[in-house]
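The values are calculated or read from the model by the stated rules, or taken from the named source; none is laboratory data. The structure displayed is predicted, hence computed values, not measured ones. Note that each Cβ is placed from the backbone with ideal geometry, even for glycine, and that neighbours are counted across all protein chains shown.
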Amino acid sequence: MIKKEKLQEYAKKLMFDMKDEEYETLAKEFEIITKKMDIIGEIDNLDQIQPMTFPFPLENVSLREDVASNTINIEDIKVNAKELENDQVKIPKVVE
Amino acid sequence: MQYLNLTIDDIRKALDNKEVTSDELFNEAIKKANYYQKDYNSFVTILDNYEKVESNSILNGVCYALKDNISTKKILTTASSNILKDYVPVYDATVYKKLKESGAVLVGKTVMDELAMGGSGTTGHTGIVRNPWDITRQIGGSSAGSAAAVALGIVPFAIGSDTGDSIRKPASYSGVVGFKPTYGRISRYGLFPFASSLDHLGCFTRCVKDAAYVIDVIKGHDDKDMTSLNDDNKEYSKSLDNDIKGRKLFYIKEALECDDNNSELKEIINNFKQTIEKCRSIGFEVDEISIDNKLLEALYPTYMVISCAEATSNNANLTGISFGPRPLEKNVNDLIFKARTTGFSELIKRRFILGSYILQKENQEKLFLNACRVRRLIVDTINKLFDKYDGYIMPSMSSIAVKFDEKENQVSNKNFAIEHLLLIANFGGMPSISFPCGIVNNMPISINMTSGAKNDELLLNMAYKVEEVLGYKGINRGDDNV
Amino acid sequence: MYKAVIGLEVHVELKTASKNFSTAVNGNSQTHNSNISEIDLGYPGILPTVNKEAVKKSLKVALALNCKIPEYLIFDRKNYFYPDLPKGYQITQLHHPIGTDGYLMINTKDTVKKVLIHDTHLEEDTANIEHLSNYSLIDYNRAGIPLLETVTEPCLNSSDEAIAFLEALRSLFLYCSVADARSDLGQIRCDVNVSLMRENDKELGTRVEMKGVNSFAAVKSAIECEIRRQTEILDRGGEVLQETRRYDEVADETYLMRSKVDAIDYKYYIEPNIPPIKIEKEFIEAVKKEIPLLQYERINNYTNNYNLTKVEALTLVKEKELSDYFDEMVKVGIEPKIACNWLAGFILGYLNKNYLSIIDIKITPKMLKDLIELLDGGKISIKQMKEVLTKALKENKDPNILIKELNISQITDDEEIKNIVNEVLDENLNLVSDYKAGKRVFDFIIGQIMKKTKGRVNPAMTSKILKEELEKR
């Protein structure tokens, strides 16, 4: 079974943490999922198939003409941003 | 006299004949919404006013509800997640804009499974949604509140989204019509994404005709959504009565091979066999076809892999930086960490970790890309059948609405169930509709019909005819004495 | 001794009206958060739409870099968390860049070099973060501006070569008018990777990457600094570690940012909201037609066909507009060497002194041609030409009109000179008698004629006609 530490490492990269028992549930889930994924792997000649990333080929897709218009303004940002300074969104110190 | 449990045609007539005003309708809807809220919890937000609009649309003055993952300017939109519990959008989703322009009257935003990731209606941050037919049962999700609002007769239609079965499952569990048209038929601009390549918008109504009316209003090309289709310049509601004689349907033999001990499933399958006979009686040709079990068993894992992978990335904007919760922290990483740790429920986090694992460099080929390959295999298999057939017909679900059971939200051990077939329409962007076909153990059951991509008009036409012959149109468990 | 192997990743902001995936203005606003759309803020539910002009400009660069163009335009997501990345992912092109396997010919100090281009791809810029001591401020104006990233193969061998490449690439952007590429405005930024190998080594050494170096001068010193650091390590018998470092311009030192084990897995996958778009042959051909001759080709043309020196050619091609002007001069019939002398010598001197560019002046190559013809025909003197040209540049006027206005053209008409000569002689009959008497007054009479005409008469002709007219009397 996949180790809790590994799962926690994944979680941290996604910028959150979970409770211990939640990791246990997840570990069990990983077990089931990995087994299910094996079902996928058992299908023949998969490597000869192009992965499908859109439900069907979309035709006549056109690029956007380069015409500029701003659709929101600083007042809109203020609706949800908690803190602003000099019309910029204020956040705690950025660390590497 | 109540109007909101009527069909759109009848409501239109009442409005046009001045039997009722749109103000009165709105008040009726609000009253009902509030009345049912405590028991069923359909809404995150119930509105207290609306703006009148000049329009010739059939929906002008007709009340409706929107799932709470559809962006509505100045109206709280939470996706039923703590991380968005205070989020007020600054722009309108295209689907909302179209409904506004038609004069349809928004009553409220409906509860859903958190971020649309779940199928139970139990994971929203404001509590569980209950089934109008039996309060001890789930309504299914993720568009739980939208289904409940229609089933309860609060509104004649509601908008939902469907990534795996999120419209059709709750529709089936609550005895209403659930329809998702072809991928790209309705613009996704403003729909909070779960898995972009599988996400569809659609509607809940109490009859097929109403679904056609609603889609006629909200479909159409949108310059803001590059995946949106060109206009087909059709009015689906006008061709519902087209002759279906000689139309060919198929059903999948393997899906019906159930274990004999399950009497409920047996009843559902018996009902299905009768349904097939009724279809034949009005001129459909219905064939039994066979599909490789391996493909059927691969449906659910394929869905899990693709949807979790896309979801991880799609929700990476939820950090608490320019919107969302802003816990007080010394540095920005701690802020993001805390916002996400407290903002997402456990289920969501598990899905995200799974999704991110799937996309990792060392796993992507084996997990993500292989799932995308199986997706193509499945879609190609079905599309090949659509060369010969106009659609397929299957029971929507293998059971009636399930009782509340916490295990529901964990990955199930079963390799295949009938409801997994609903995923096919998401994989292939096919129009797919579920509607009531009977009652089992005092609960509604439902049939699903799916056609080839872009054949929305034909699918609605066929569904309308089947609905007619089945005789379960507009079954309603709503308490009519509010 | 070690051989340095350098690779560059150059990001340049493309010059378009709107952003890459939203309609918000792509501009350099002084007002914070003024050029924005809901898409740039990454609000839930937004979808990208691809800017046609950004694609066109990227394609132009890809073609100018002799790259292979993919059949379809496809974008990928690069997933990572940083407060300047509103969506939590950047839309970029990993698997199908708009251009791959190209090259750029560059002139280094004493030779030419073919710099191999791994790829060039279209992506979006991030928001701007102002880092203050205890907190930071975000401005989203920059978020979503189209960014073209050009990646070289590790094929440069010195800081000078790297700079020569960067100058050539910047010139390509300017020649193709796809970007302003001003490093002072952060419109062009580099990631630099450096590794060292011994002369006989077959394999590349361990590469060290330096991110976000802002000016070309900094690129040069960063490379030299890193070469020094790695040389020291290798000389000590140590091992260079694969890592990402930051170059500090003030201290002239590089610092460790993260080592290989901390490398981020960006979990790239195809952007699901942008369907693959076929890049039509006609589109490619149309864009190809818009690509002008680039520096390298022009230099060859000037030195091989026009017999200019390399220094002269380099001066002319520094700016496309100047080179275009020169080409036009040649086209209207001015001899290349003469054209170069006037343009690179005289006009450019004036422009540089006055902080002007060739596009600021109204004097056309045709006007210059007429002027040079006057000079060649002896109708104006070289001194007059320079005077008129200076005045024309100063006042932004047609020099040929100025000549008329100022009456500074030479009088070269026989009859006209004859009339003037006789006029002067009639006014000074005493001088005529003096001349006849053998007095040496000839030059004095010339002086009087010059005075009367403000020196506009052609001296040689005047001298001849005066002699004739005096004989007649």
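So how many residues does the range C:135-151 have that are more than 14 Å from chain A (Cβ to nearest Cβ) and surrounded by fewer than 24 Cβ atoms within 10 Å (Cβ to Cβ)?
2
Consider B:GLU257 carefully, then state whether it is of a type in the set (Asp, Glu) and either within 21 Å of B:ALA453 (Cβ to Cβ) or without any contact (Cβ under 8 Å) to a residue 24 or more places away in the chain (or both).
It is true that B:GLU257 is of a type in the set (Asp, Glu) and either within 21 Å of B:ALA453 (Cβ to Cβ) or without any contact (Cβ under 8 Å) to a residue 24 or more places away in the chain (or both).
Quick one: B:ASP287 ticks every box in (1) within 13 Å of chain C (Cβ to nearest Cβ); (2) in contact (Cβ under 8 Å) with a residue 60 or more places away in the chain; (3) not in a helix (DSSP H, G or I) bar one, so which box is it?
Condition (1) is where B:ASP287 drops out.
For residues that are buried (at least 22 other Cβ atoms within 10 Å of the Cβ) and assigned to a loop (DSSP other than H, G, I, E, B), scanning just the range C:108-134, find the one that is farthest from the other protein chains (Cβ to nearest Cβ).
C:ASP125
B:VAL214 fails exactly one of the following numbered conditions: (1) touching a residue at least 60 places away in the same chain (Cβ under 8 Å); (2) under 30 Å from C:ILE270 (Cβ atoms). What is the number of that condition?
Checking B:VAL214 against (1) touching a residue at least 60 places away in the same chain (Cβ under 8 Å); (2) under 30 Å from C:ILE270 (Cβ atoms), the one that fails is (2).
Among (1) within 17 Å of the chain's Cα centre (by Cα); (2) acidic (Asp, Glu); (3) more than 22 Å from B:CYS308 (Cα to Cα), which single condition is B:ASP223 missing?
(1)
Sort out which residues of the range C:97-107 are surrounded by fewer than 19 Cβ atoms within 10 Å (Cβ to Cβ) and touching a Phe, Trp or Tyr at 6+ places or on another chain (Cβ under 9 Å), and write them in order of number.
Answer for the range C:97-107, where residues must be surrounded by fewer than 19 Cβ atoms within 10 Å (Cβ to Cβ) and touching a Phe, Trp or Tyr at 6+ places or on another chain (Cβ under 9 Å): just C:MET105.
Of the residues that sit in the range C:336-385 and are of a type in the set (Gly, Ala, Ser) and closer than 19 Å to C:ASN307 by Cβ, which one is surrounded by the most Cβ atoms within 10 Å (Cβ to Cβ)?
Ranking the qualifying residues of the range C:336-385, first place goes to C:ALA339.
Which of the following residues is over 21 Å from B:GLU419 (Cα atoms) and more than 12 Å from chain C (Cβ to nearest Cβ): B:ARG340, B:ARG373?
Just a single option satisfies the conditions, and that option is B:ARG373.
Across the range B:327-337, which residue is surrounded by the most Cβ atoms within 10 Å (Cβ to Cβ) among those that are at the interface with chain C (Cβ under 10 Å from one of its Cβ atoms) and outside any helix (DSSP H, G or I)?
So, considering only residues that are at the interface with chain C (Cβ under 10 Å from one of its Cβ atoms) and outside any helix (DSSP H, G or I), the one surrounded by the most Cβ atoms within 10 Å (Cβ to Cβ) is B:ASN331.
Sort through A:ILE72, A:ILE43 and tell me the only one that's within 7 Å of chain B (Cβ to nearest Cβ), closer than 29 Å to C:TYR266 by Cβ and modelled with pLDDT under 95.
A:ILE43
Here is a list: A:ASP87, A:ASP66, A:ASP20. Which entry is at positive phi and among the acidic types (Asp, Glu)?
Within the list A:ASP87, A:ASP66, A:ASP20, the selection yields A:ASP87.
Answer yes or no as to whether C:ARG189 is within 30 Å of the chain's Cα centre (by Cα), assigned by TED's automatic domain parsing to the domain that holds C:LEU122, without any contact (Cβ under 8 Å) to a residue 60 or more places away in the chain and in a strand (DSSP E or B).
Criteria not met by C:ARG189.
Please work out which one of (1) over 20 Å from B:ARG130 (Cβ atoms); (2) away from every other protein chain (no Cβ under 14 Å); (3) touching a helix residue (DSSP H, G or I) at 6+ places or on another chain (Cβ under 7 Å) is the condition B:ARG12 fails and give its number.
(3)
Taking the criterion of being assigned to a loop (DSSP other than H, G, I, E, B) and at the interface with another protein chain (Cβ under 7 Å from one of its Cβ atoms), would at least one residue in the range A:21-36 satisfy it?
Checking the range A:21-36: not a single residue is assigned to a loop (DSSP other than H, G, I, E, B) and at the interface with another protein chain (Cβ under 7 Å from one of its Cβ atoms).
Mind counting the residues in the range C:241-277 that are farther than 30 Å from C:PRO70 by Cα and either part of a helix (DSSP H, G or I) or free of Cβ contacts under 8 Å to residues at least 24 places away in the same chain (or both)?
The total comes to 10.
Against the conditions (1) without any contact (Cβ under 8 Å) to a residue 60 or more places away in the chain; (2) surrounded by 18 or more Cβ atoms within 10 Å (Cβ to Cβ), where does C:GLU280 fall short? Just the number, please.
(2)
The rows are residues; the columns are (1) touching a Pro at 6+ places or on another chain (Cβ under 8 Å); (2) of a type in the set (A, V, I, L, M, F, W, C); (3) within 14 Å of chain C (Cβ to nearest Cβ).
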residue	(1), (2), (3)
B:PRO156	no, no, no
B:LYS180	yes, no, no
B:TYR183	yes, no, yes
B:SER196	yes, no, yes
B:HIS200	yes, no, yes
B:CYS207	no, yes, no
B:TYR213	no, no, no
B:HIS221	no, no, yes
B:ASN230	no, no, yes
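Checking the condition within 21 Å of A:GLU9 (Cβ to Cβ) and among the hydrophobic types (A, V, I, L, M, F, W, C), which residue from B:ILE378, B:ILE382, B:ILE393, B:ILE353 passes?
So the residue among B:ILE378, B:ILE382, B:ILE393, B:ILE353 that is within 21 Å of A:GLU9 (Cβ to Cβ) and among the hydrophobic types (A, V, I, L, M, F, W, C) is B:ILE353.
Evaluate the range B:315-326: report whether one residue or more is β-branched (Val, Ile, Thr), within 12 Å of chain C (Cβ to nearest Cβ) and under 27 Å from the mean Cα position of the chain (by Cα).
There is no residue in the range B:315-326 that is β-branched (Val, Ile, Thr), within 12 Å of chain C (Cβ to nearest Cβ) and under 27 Å from the mean Cα position of the chain (by Cα).
Which of the residues that make up the range A:62-95 are closer than 30 Å to B:ALA425 by Cβ and either surrounded by 20 or more Cβ atoms within 10 Å (Cβ to Cβ) or in contact with a Phe, Trp or Tyr (Cβ under 9 Å, 6 or more places away or on another chain) (or both)?
A:ARG64
Can you tell me which residue among C:GLN242, C:GLN187 is polar (S, T, N, Q) and within 30 Å of B:ASN314 (Cα to Cα)?
When all the criteria are applied, what remains is C:GLN187.
Checking the conditions here, which among A:LYS90, A:LYS12 is under 22 Å from B:LEU335 (Cα atoms), of a type in the set (Lys, Arg), at pLDDT 95 or above and part of a helix (DSSP H, G or I)?
Residue meeting the stated conditions: A:LYS12.
Note down all Cβ pairs under 6 Å where the first residue falls in the range C:370-397 and is closer than 12 Å to C:TRP342 by Cβ, the second is hydroxyl-bearing (Ser, Thr, Tyr), and they're at least six residues apart or on different chains.
Hits for this filter: C:LEU393/C:TYR350.
Has the range C:76-84 got any residue that is more than 14 Å from chain B (Cβ to nearest Cβ) and basic (Lys, Arg)?
No, every residue in the range C:76-84 fails to be more than 14 Å from chain B (Cβ to nearest Cβ) and basic (Lys, Arg).
Which of the strands (runs of 3 or more DSSP E) found entirely inside the range B:63-160 contain at least 3 residues meeting this: within 22 Å of B:ILE433 (Cβ to Cβ)?
Strands (runs of 3 or more DSSP E) meeting the threshold: B:63-67.
So, in the range C:91-106, exactly how many residues are touching a Leu at 6+ places or on another chain (Cβ under 9 Å), closer than 16 Å to C:CYS155 by Cβ and not hydrophobic (A, V, I, L, M, F, W, C)?
Qualifying residue count, the range C:91-106: 3.
Whether any residue in the range C:211-229 is under 27 Å from C:ALA164 (Cα atoms), free of Cβ contacts under 8 Å to residues at least 24 places away in the same chain, touching a Gly at 6+ places or on another chain (Cβ under 9 Å) and surrounded by fewer than 17 Cβ atoms within 10 Å (Cβ to Cβ) is what I want to check.
No, the range C:211-229 contains no residue that is under 27 Å from C:ALA164 (Cα atoms), free of Cβ contacts under 8 Å to residues at least 24 places away in the same chain, touching a Gly at 6+ places or on another chain (Cβ under 9 Å) and surrounded by fewer than 17 Cβ atoms within 10 Å (Cβ to Cβ).
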